[in-house]
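In what follows, a structure is listed as structure tokens, so that the remarks can point back to it.
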Amino acid sequence: MKKFLSIDQGTTSSRAIVFDQNLKAIKDAQMEYDLAYPNDGWVELNPKSIIQTVKDTIEKVLTDDFDIEACGITNQRETTIVWSRSTGEPIHPGIVWQDRRTNKYCKELISKGYEKIVREKTGLVLDPYFSATKIKWILENVDGAQDLAKKGDLLFGTVDTYLIYKLTEEKNHFTDVTNASRTLLFNINTMEWDEDLLNLFEIPKSMMPEVLSCDGNFGNLVFDNKKIPIRGVIGDQQAALVGQGCFKSGDMKSTYGTGCFLMVNTEDKPIFINEGLLTTVAYKLNGNVHYAIEGSIYSCGNIIKWLRDKMLFFNSTHDSEKYLNMNGDTNNVLFLPAFNGLGAPFWNSDIRGGFYGITQDTTINDMVTSAFNSISFQTKEITMILEKYDIKINNLLVDGGMVQNKTFCQMLSNALNKEILTPVNVESTAIGACKVCMLSSEIDINNLSKEMNSYRPNSSLQDVNLTNFDNWKSYVSKSIETI
């Protein structure tokens, strides 16, 4: 039976998994790495840590008896790395997707009326989240960078591109359509880098990677003198869409990792929604482009990590489940999940997180439950907008590390008043990358089994959850008003 290597490079860890062609995980390895927070709202990573953790995890899963057919890569999107063409060395730490340092510049562009054309060309909003303003910041703040860029001596890439460049024997400077579509520089109508946008952000086209289909040929990894062709690259949230089998219009998934990302497939029609949701490329497979609507939430799993590591409320993420009130009651405590501002549908970079309603009667359970509630409520905000546009949601396919918490899944079902379905294997991003490289290797994926767990809403808690949601919405609105 053929075997496939999936590389899943995330915001706080790198993972490598060997799957067989039935998508059964045979061997996997995962390594965490640290992020840096140099200033308020800034988030950086060391690109060398990315490369090293990916190499180390690959070495741990590859054994002599594994004959790997192909490799698929999925990665954190928008995170920006700029490096020297001649040396391959980064000229600045990678700027992570959560970073908000370019907020003032984005506001300037909006005030000058550029948001409409950016939205029409890219499907995105003018926000620090995306890569273009990060590239511009690096060029303006690293000595000599602008001159090097003009001479063609600098290269840009999201994490997928940097991995391909550093790990392939060909040193290819490639990306795929999904990662390209998250840069603010890629026209999702023409499916190419946009000259007007490159000029707007003053970024030389020579910095940009060549854009391939998700199932393109990206080069060869070489480990222990073995060549492994990379036949699939796809951004992590789109990978989860593929991993969950969301190939038809209206198919929807939500991934709960460091952030939370809800995505619905709209097939060949890019649908634009005014209320803060994004239009993006879902994937390009077999020559066909599918689009998606996305709701992007900045803080999710990192909230639980903060409660564990900074607040010291529990010793392990798994222990958080013990502190959750199943009925969602928080004794009137509310949590604002805005460590680095709020994403969809608010897109506010200035607001910061906090608790509200704490009294002498407040317990750790109340605070932990309110934090989990905030994740469910942000999801509810997005689903309510989709339903306004007649995008029907009968159930929601969810994945990511957080859905291993069964109590959270039930709370999510109660808050949304919808059935929640979780795959038995919650690593949908890695599975999605594997599926893409399997398709490129002409392996049929249509008949693969998909086991699901189901969570149905507790109707007796519907009124309580609506009241909690309304109170939370009011708290967020008042917090935004007071900035």
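Under 16 Å between alpha carbons, and skipping anything fewer than 8 positions from K107 in its own chain: which aspartates and glutamates qualify?
Candidates past the 8-residue exclusion: D99, E115, D127, D350.
Which GluC sites (Glu not before Pro) in the range 112-172 sit in a loop by DSSP (not H, G, I, E or B) and have at most 15 other Cβ atoms within 10 Å of their own Cβ?
Sites meeting the loop and neighbour criteria: E169, E170.
Report the net charge of residues surrounding N315, where surrounding means a beta-carbon distance below 14 angstrom and charges are Lys +1, Arg +1, Asp -1, Glu -1.
Net charge in that neighbourhood comes out at +1.
Which of the aspartates and glutamates could a cross-linker bridge to K310, judged by Cα under 16 Å and excluding same-chain residues fewer than eight apart?
Filter leaves D34, D319.
How do the peptides 363-370, 467-474, 67-74 rank, highest first, by the average count of neighbouring beta carbon atoms within 10 Å per residue?
Highest-to-lowest ranking by the protection proxy: 67-74, 363-370, 467-474.
Isolated Cys in the chain by the 4.7 Å beta carbon test?
C71, C106, C214, C246, C409, C434, C437
Mean projection of the alpha-carbon convex hull of the range 365-483 over all orientations, in nm²?
The number I arrive at for the range 365-483 is 10.1 nm².
Could you tell me the distance between the Cα centroids of the range 174-228 and the range 49-123, to the nearest Å?
Measuring centre to centre over Cα atoms gives 11 Å.
Take K310, K24 and order them by how many other Cβ atoms sit within 10 Å, fewest up front.
K310, K24
Coordinate-derived values only; no laboratory data. No experiment lies behind these values; they were computed from the predicted model shown. All Cβ positions, even for glycine, are placed from backbone atoms using ideal geometry, and neighbour counts span all protein chains on display.
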